[in-house]
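Participant: Sharing a structure here in structure tokens format.
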Amino acid sequence: MKIKILFFGMSKDLAGTNGMNIQVEKEITAKDVRELLLRNYPSFSSMDTFSLAINESYAEDDTQIYNNDVIAVIPPVSGG
């Protein structure tokens with residue numbers, strides 16, 4: 001299964017890219033993607049938290065990922 005991951009804000013800086021395509025061999029959830037990102041980009045642990053959006057909708061950890069889904073990594077947002 002092929003998925004696309006897009007990085008925004010601080011996550012883009014930490015990943016060193018604005019996006020990538022990955023191939024996975026089994027069914028996965030948003031939680032699996034989060035764990036994969038933390039394994040492949042240990043610097044992500046410097047973010048207090050980050051959200052995932054799948055096909056432009058915020059995802060819970062148990063949200064299923066399907067072939068050709070687009071996953072956005074959204075770092076914490078602060079502002080006034």
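The values are calculated or read from the model by the stated rules, or taken from the named source; none is laboratory data. Everything numeric in this text was worked out from a predicted model, so none of it was measured. Heads up, the Cβs are rebuilt from the backbone with ideal geometry, glycines too, and the neighbour counts pull from every protein chain shown. Keep in mind that these areas ignore ligands, DNA and RNA; they rest on the heavy atoms of the full protein, side chains included. Shrake-Rupley method; radii C 1.70, N 1.55, O 1.52, S 1.80 Å.
Participant: Taking a spot 7 Å from the Cα of VAL24 along the direction of its beta carbon, which residues of the range 42-80 have an amide N less than 12 Å from it?
Facilitator: The answer is 54, 61-72, whose backbone nitrogens lie closer than 12 Å to the label point.
Participant: Run the reach check for LYS26 against lysines, Cα to Cα strictly under 18 Å, same-chain hits fewer than 8 apart removed. What comes back?
Facilitator: LYS2, LYS4
Participant: Given the C-alpha centroids of the range 1-39 and the range 44-80, what is the distance between them in whole angstrom?
Facilitator: 9 Å
Participant: Quick check on the range 1-48: take the gyration tensor over C-alpha atoms, sort the square-rooted eigenvalues as a ≥ b ≥ c, and tell me if it's rounded (a/c under 1.5), prolate or oblate.
Facilitator: On the way: a/c = 2.40, a/b = 1.48, b/c = 1.63.
The shape class here is oblate.
Participant: Restricting to DSSP H runs of at least four residues, report the calculated mean residue ellipticity at 222 nm for the chain, -39500 (n - 2.57) per run over all residues, nearest 500 deg cm²/dmol. Don't skip to the end; give the middle numbers.
Facilitator: Values: 2 runs with 17 residues, N = 80.
Helix-only estimate at 222 nm: -6000 deg cm²/dmol.
Participant: Provide the per residue accessible area, probe 1.4 Å, for the chain, rounded to a whole number of square angstrom. The partial results should precede the final answer.
Facilitator: Working: 5120 Å² over 80 residues.
With all protein chains present, the chain gives 64 Å² per residue.
Participant: Right, next: With the convex hull built on the Cα atoms of the chain, state its orientation-averaged projected area in nm². Please list the in-between numbers first.
Facilitator: On the way: hull surface 20.8 nm².
The directionally averaged projection comes out at 5.2 nm².
Participant: Separate question: Relative to the longest principal axis of the chain, what angle (0 to 90°, nearest 10) does the C-alpha long axis of helix 30-40 take?
Facilitator: Helix 30-40 sits at roughly 60 degrees to that axis.
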